[in-house]
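What follows is a single structure, written as structure tokens, with notes after it.
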Amino acid sequence: MTERVTMAHGAGGTAMRELIREFVVKELGGSGAEVPLEALDDSSVVEGIAIHSDSSTVKPLFFPGGDIGRLAVSGTVNDLAVIGARPLALTCGLILEEGFPLEDLRRILRSASETCREAGVHILAGDTKVMERGALDQMVINTSGIGVRGEELERNLREVRRYREMRSRWLLDSNLRPGDKILVSGTVGDHGVAILSAREGYGFETEVRSDVAPLNGLIREALEVGGIVAMKDPTRGGLANALNEWSEKSGVGILLHEDRIPIREGVRAACEMLGVDPLEMANEGKVVVGVVAQKAEEVLEALRAHRLGREAELIGEVTDEFRGVVMETSPGGRRILPPPYGDPVPRIC
Ligand code: MG
């Protein structure tokens, strides 16, 4: 039997990670870079420069709260920002289907440009290809980007080292240690539900809008406070996937408090109807923050002071009592939050 690619291989969960490990890393890894491909972190680092690449395939292209242009720019800016880098410049590769309306293309590029302005970055290189009608579903955008170290990262790390040892010069998935606190910058699941509500055939309506946004401004404010050891944007596979990656790569347990995780009523209702877990739904404008306990309250305040972090919460802590992610559902009640096989919704980003 010849094995083939499935939709799950692109859905951000354990299936995708297996494909990346068994194929991409095996064939392309081994650079010896400061943060190499095989770290499978949000960005890699070479000669002090952070580098990231992301392709957007979202369906539909326009959805409540955003579009593929805003998504493409935000996705790359955020993955650079969460390892502590200052996003500097992006590239934009367009692959278009023959027959694609030029008016839609202009709208998407304008939105990408506005999002760049919001993030303070520029697109400095690009490429355009067209494929025959039917060979591609409308369009794919690839955005790659580079980022550099800023003083706020240095100050943040100095603050961490006042309280505990930290060898890494970047905010990597492997940096968590028992005692660290876990924050989230706002409500989870908004993007996934907004995308579903915009698709035909799901038969539900909701006020929920995608949270898609560039987070480098919010993240910079948090770094100015200091004490942050790791950050991650919980995109495909949602909070459940992000925290399980942290647990695995840091070799620690994460205890979550269910009642502290912010979830919009509309997201909760939609997920219940569809039989999916809001913690596995994608976010495109949220960041999870691991911070030394002594600075957790201060970083939380800094997040809440920013317009993109008003609903930030402290949702859990890192422990050496177990491995994996465990959720306290009520005082005394606990359940394991497993890594999702893939995001419940295909083509959300
Ligand atoms: Mg990421």
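The values are calculated or read from the model by the stated rules, or taken from the named source; none is laboratory data. Since this is a predicted model, take the numbers as computed values, not measurements. A quick note on method: Cβ atoms are made from the backbone with ideal geometry, for glycine too, and the neighbour counts reach across all protein chains shown.
Considered as a group, the residues in segment 28-43 that are of a type outside the set (D, E, K, R) and part of a loop (DSSP other than H, G, I, E, B) include one that is nearest to the ligand (Cβ to nearest atom), and that residue is 43. The set of residues in segment 303-345 that are within 20 Å of residue 285 (Cβ to Cβ), aliphatic (A, V, I, L, M) and buried (at least 20 other Cβ atoms within 10 Å of the Cβ) comprises 303, 308, 312, 315, 345. Just one of the listed residues (148, 82, 77) is within 16 Å of the ligand (Cβ to nearest atom), within 28 Å of residue 47 (Cβ to Cβ) and in contact with a Lys or Arg (Cβ under 7 Å, 6 or more places away or on another chain), and it is 82. Just to be sure, is residue 140 farther than 30 Å from residue 262 by Cα, at pLDDT 95 or above, among the hydrophobic types (A, V, I, L, M, F, W, C) and surrounded by fewer than 17 Cβ atoms within 10 Å (Cβ to Cβ)? In short, no.
Scanning segment 16-33 finds one or more residues that are under 28 Å from residue 226 (Cα atoms) and modelled with pLDDT of 95 or more.
Residues that are under 22 Å from residue 234 (Cα atoms), outside any loop (DSSP other than H, G, I, E, B), touching a Cys at 6+ places or on another chain (Cβ under 7 Å) and polar (S, T, N, Q) do not occur anywhere in segment 64-76. Which ones in segment 10-51 are on the phi > 0 side of the Ramachandran plot and in contact with a Gly (Cβ under 9 Å, 6 or more places away or on another chain)? Residue satisfying the conditions is 12 alone. Taken as a whole, the condition of being of a type in the set (Gly, Ala, Ser), buried (at least 24 other Cβ atoms within 10 Å of the Cβ) and closer than 22 Å to residue 342 by Cα does not apply to residue 198. Taking segment 69-122 as the range and being in contact with an Asp or Glu (Cβ under 8 Å, 6 or more places away or on another chain) and of a type in the set (Asp, Glu) as the test, the residues that pass are 79, 97, 98.
If you take the residues in segment 209-244 that are part of a loop (DSSP other than H, G, I, E, B) and within 21 Å of residue 177 (Cβ to Cβ), which one is nearest to the ligand (Cβ to nearest atom)?
234
Scanning segment 215-267 for residues that are modelled with pLDDT under 95 and among the basic types (Lys, Arg) yields a count of 1.
Which of the following residues is within 28 Å of residue 201 (Cα to Cα), more than 16 Å from the ligand (Cβ to nearest atom) and surrounded by fewer than 23 Cβ atoms within 10 Å (Cβ to Cβ): 127, 67? Before the answer, list the steps.
Numbers: 127 fails: within 28 Å of residue 201 (Cα to Cα).
67 is the lone residue from the list that is within 28 Å of residue 201 (Cα to Cα), more than 16 Å from the ligand (Cβ to nearest atom) and surrounded by fewer than 23 Cβ atoms within 10 Å (Cβ to Cβ).
Out of all the residues in segment 274-296, is one or more modelled with pLDDT under 95, more than 20 Å from residue 213 (Cα to Cα) and over 20 Å from the mean Cα position of the chain (by Cα)? Yes, because at least one residue in segment 274-296 is modelled with pLDDT under 95, more than 20 Å from residue 213 (Cα to Cα) and over 20 Å from the mean Cα position of the chain (by Cα). Identification of strands (runs of 3 or more DSSP E) wholly contained in segment 245-349 with 1 or more residues that are in contact (Cβ under 8 Å) with a residue 24 or more places away in the chain yields 253-257, 288-291, 313-319, 324-330.
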